[in-house]
Amino acid sequence: MKSIFFHLMPYPELPPDFPEEHRSVWVDIDPALYDPEVGNRTYNEYLDELEFAADCGFDAVGVNEHHSNGYGLMPSPNIIAAALSRNCPDTNIVVLGDSVALYNPPLRVAEEIAMLDGITGGRMVAGFPVGSPMDTIFAYGQNPATLRERYHEGVDLIRQAWTRDEVFSFNGKYNKLRYVNVWPRPVQQPHPPIWIPGGGSVDTWDWCAREDLVYCYLSYFGYKAGLKTMQGFWKKVQETGKEANPFQGGFAQFIAVADTEKEAWDLYREPAEYFFNTCLHVYAGFADPPGYKTPNTVRAGVEGMVERAAREATARSEARKSTRGGGFPKGLSFEEMVEKGYVILGNPTQVAEQVHELATTMHIGHLMTFCHFGNMNKDLVRYNTEMYATKVMPEVSSLFEDEYEDLWWPKPLAQPARRDVPEASVS
Amino acid sequence: MSGYATETLAFREGHLGLVSCGEGARVTYLHGMLGNPGEHAFLKALANDGWRVVAPSLPGFTGSSEPSGLRNLHDWVVAASELIDLAGVTGLPVVASSVGAMIALELAAIRPEAFGAMVLIAPFGLWDPEDPVADPFATTLTNQRRMLTADPTASASFFDDAEEMPADLLVEHGVDRYLTRTASAQLIWPIPEFGISDRLHLVKNPVTLVHGAKDEIIPASYLGKWAQLLPNVIGAHLIEEAGHHAEFDRPEDVAAIAKSALS
């Protein structure tokens, strides 16, 4: 099983009363809360953390795209990937991913991933999310009724641009391009592995199964709650008559590992509560615009993870308002987060056991680990990262590797043909 | 309700829903964001005033299939033109509301014979940055209901499930409601202004404007803006105690205005 060090890059200094005094961390978050000096420090610390994870031996580092929010400071994951590309020469980079429908034309994604694949010598994974409603509909003004159609057309355009060996015309419903000719071409042929992060849409399961794409359930709510979603995906894979190769699945999980369980409880409480009660403080009205879900998903009654997070955050806000003067109800407690599996916590043995259970129960071969979350300070991030890499990963990395081939992992150029680190200066 | 009937007509690759009721001179009702949610008080009020009401559903709204192939406003207007011909209501007087009023105006601008006299209830289409149209989608379903009518019970036929409805139909009712909201979003997201003010001089039809004083989506100030821009306004009515869908909040009052304006 591959472990990817995934970073959300949250803004770490939202005020303690943010959930009480502000409606949402996304879309209409108060611009005055952003301190550019904090931003400067944060970006560089976060890049350090990603590079440290690469040095520790993670199979890959992962980044993603969000807009107008304090939850994640990466409007452009490709910029972060570019910053990492030459400083992490021995790891892979998972961009999970570029919200295809937000690019006009989406060919820009094909070009930038091809550039990154060229710089890294073929160490890229290309992720194509539809994008959250907050990012796509509200922050970027896409029409919810046409977003998914636009997204699928964009992915089709990118795949054609990477695979066709002639200049061609693309006459789409939303994209009209007389001449499609991506230069540079990706190093990986026919193209970098494509992973699809999903939030629970039943039609995405079907599409990934049919098209042999990796389905990644990027849940906030742990493997216990995510099992049903992954089972839904594997059922679709089985219906296509294909093998349920665990490397076609991915999952995201918060990790809190320390020398002892008691130490873990002490160390990770504050950053976990910051993440779940502040970074996920999303107004419910931003989570489910009409048209964002497919009719099949509505019919199946599936609630997306963002929708769930927003619903719970809004319920907490309303509860707070109703009890003003009588003491605020607390947000989600750390004990609840651990009990429900949102956070896997413990000493290395305990964490390895739970990760093993997660991977085998959900049948997933790619684990996006959140070893940084919330407002975790840089020293604790390094500790968590190193503990996972040195004491947990060795216990789980052999999972599935003998039994299945990872068909969706980067295939870089062999050394010494590869050239992706700074050349030594010549004096 | 007198002779309330539903019909389904083949329309392009899908179908078109049509409801009708009453006896008398024919009038078209072109719905708004609530679609045509079964028998409701405004249709009844029009019927009681002696009209034969014919109410086609726009693509994607209650009773009509999803609006595939509709990329932009031009596509919607062409579809509406085809739809009124199919429904046999071309040239009739029309009461049009909300998103339906926006489409009716766009169609009237390029096809003068599409409608006779027009009663327009809170049309979308204008945008005043000093007094902007509210976003009806960045909110919970409960709040959206409050935004659509001053009295939330007035939209019960759209939002509430019938108690005796079987479970499978409840699910489909929920899906239909979702698709109707989706169709509205497709028409007016993110800012419902598509340059109509440059085309309004082409609308020669006599127009009567109606606006709910408690419209929480389109400010009541827009009543005056429409009256200034349309060349042939014969009446403008601000309805007290009415929200965006004034015809749901105050069905008899709006029906009386329609009777006076269209007779």
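Miscellaneous remarks
- Scanning the stretch A:139-168 for residues that are assigned to a loop (DSSP other than H, G, I, E, B) and of a type in the set (D, E) returns A:D165, A:E166.
- Checked against (1) within 8 Å of another protein chain (Cβ to nearest Cβ); (2) in a helix (DSSP H, G or I); (3) not basic (K, R), B:P190 passes all but condition (2).
- A:V109 being within 19 Å of the chain's Cα centre (by Cα) and under 19 Å from A:N181 (Cβ atoms): yes
- Of the residues A:A272, A:A256, A:A264, A:A284, the single one that is aliphatic (A, V, I, L, M) and over 15 Å from A:C371 (Cα atoms) is A:A284.
- When A:N104, A:N69, A:N78, A:N92 are checked against the criterion of being within 30 Å of A:G172 (Cα to Cα), surrounded by 19 or more Cβ atoms within 10 Å (Cβ to Cβ) and not β-branched (V, I, T), A:N78 stands alone in meeting it.
- Selection from the stretch B:108-142 of residues that are of a type in the set (G, A, S) and within 14 Å of chain A (Cβ to nearest Cβ): B:A134, B:A138
- Failed item, numbered, when A:T136 is tested on (1) in contact (Cβ under 8 Å) with a residue 12 or more places away in the chain; (2) assigned to a loop (DSSP other than H, G, I, E, B); (3) within 13 Å of chain B (Cβ to nearest Cβ): (2)
- Meets criteria (modelled with pLDDT under 95 and either surrounded by fewer than 15 Cβ atoms within 10 Å (Cβ to Cβ) or not small (G, A, S) (or both)) for A:K228: yes
- Within the stretch A:91-127, considering residues that are of a type in the set (G, A, S) and not in a helix (DSSP H, G or I), the one nearest to A:V63 (Cα to Cα): A:G97
The values are calculated or read from the model by the stated rules, or taken from the named source; none is laboratory data. Computed from a predicted model, the values in this text were never measured in an experiment. Virtual Cβ from ideal backbone geometry, glycine too; neighbours counted across all protein chains shown.
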